[in-house]
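See structure below.
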Amino acid sequence: MNEPQKPEALNCPNCGGAVMSDRTQCEFCRSRLKTVGCPSCLGSMFLGSKYCTHCGTKASEVTVVDDKETGVCPRCRIGLQSLKIDNVYIRDCGKCGGFWSGIDTFESICADRESQASVLGFVKSDAHPDSHPATISYVPCPDCDQLMNRSNFARSSGVIIDICKQHGVWFDADELPKIIAFIRQGGMARAREKEKIAIEDERMKLKDDKRRLDLIERRAGIAKYDDVAESSRLGKFIELLFD
């Protein structure tokens, strides 16, 4: 288990005052604060900061989108907030840190390293102490309110995500960082290779089955004009197929 990150002094993105990273409000200008991670080094910084104070990387640009149809968090049952992180649109739960992604957005995150970096800093799991533990339960889609399917991402990642095939994917706070790590470590390439091998194995099996069926049909044709012995041999061959 990872140790909780110790609070550190950061600068308020609104007034520049020094505020501890575990605070949710600036004691000088009273601005609301939210801690996120740098998309490069994952060091802590406040949402709205222009640059990371640890490595100098330009921070992801996060803006709140005025969207009345956001749905509710399937875990906490409170309203979601629509956000734009650079060019990625998500809906975030301010309580548990889970978020909702449309199908197209999720495909972009899986394929584009820049999208991964932008979102990875924002969904930094240790910034959400109220995040829900992984539990075996079915939760409703924020868009249609129908129970979503649970699926092991890429069939081999070990990360179980909640999917509505019509609308999108729900991630608990710690799930997307695990998926991005899986992708960057070559997990998708390995999964595709396994899928190719499985498809080839299935093709060879179907080919073998066809050869056996052809043999059965040929022998069955001979049995029509041959004696009982040939018919008996055909029966034994069929028993062997299904043994």
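Readers should treat all values here as calculations from the given coordinates under stated rules, not as data from a laboratory. This structure is a prediction, so every number in the text was calculated from the model and none was measured. Virtual Cβ from ideal backbone geometry, glycine too; neighbours counted across all protein chains shown.
Separation between the GLU202 and LYS165 pseudo-spin-labels, each 7 Å from Cα along Cα→Cβ, expressed in nm?
Result for the modelled spin labels: 1.5 nm.
Need the C-alpha centroid separation for the stretch 144-171 versus the stretch 1-78, integer Å.
Cα centroid of the stretch 144-171 versus Cα centroid of the stretch 1-78: 27 Å apart.
Size of the stretch 2-64 along its principal axes in angstrom, Cα-based, largest extent first?
Taking max minus min along each principal axis of the Cα atoms, the stretch 2-64 gives 28, 28, 21 Å.
Using θ = phi - 60° and the Karplus curve 6.51 cos²θ - 1.76 cosθ + 1.60, what whole-Hz ³J(HN,Hα) does each residue of the stretch 30-38 get, with Gly and Pro shown as x?
6, 5, 6, 10, 9, 7, 10, x, 4
For the stretch 44-57, in order, what is each residue's ³J(HN,Hα) by Karplus, 6.51 cos²θ - 1.76 cosθ + 1.60 with θ = phi - 60°, in whole Hz (x at glycine and Pro)?
6, 7, 7, 4, x, 5, 7, 9, 6, 6, 8, 10, x, 5
So for MET204, MET148, MET20, MET188, fewest C-beta neighbours within 10 Å to most, what's the order?
Ascending number of Cβ neighbours within 10 Å: MET204, MET20, MET188, MET148.
In nm, to one decimal, how far is the modelled label at ILE103 from the one at LEU215, with both set 7 Å along Cα→Cβ?
Each label point lies 7 Å from its Cα, and together they span 4.4 nm.
Taking H placed 1.01 Å from N in the peptide plane, check which residues at least 5 places from ASP67 or on another chain put their amide H under 5 Å from its amide H.
Sorted by chain and number, the residues that satisfy this are SER82.
Tabulate in residue order the Karplus-calculated ³J(HN,Hα) for the stretch 195-209, using 6.51 cos²θ - 1.76 cosθ + 1.60 with θ = phi - 60°, rounded to whole Hz; enter x for Gly and Pro.
Values, residue by residue: 5, 4, 5, 5, 5, 5, 4, 5, 5, 5, 5, 5, 5, 5, 4 Hz.
Over the stretch 65-185, what is the relative contact order in whole percent, taking alpha-carbon pairs under 8 Å and six or more residues apart?
25
If R₀ is 25 angstrom, what is the calculated FRET efficiency for the pair ARG32 and THR57, using the beta carbon separation as r and rounding to 0.05? Write out the running numbers ahead of the final one.
Details: r = 24 Å, r/R0 = 0.94.
Plugging the Cβ-Cβ distance into 1/(1 + (r/R0)^6) gives 0.60.
Near the amide H of ALA173, under 5 Å away, which other amide H atoms are found, from residues 5 or more places off or on another chain, if H is placed in the peptide plane?
Those lying under 5 Å, H to H, from ALA173 are GLY98, HIS132.
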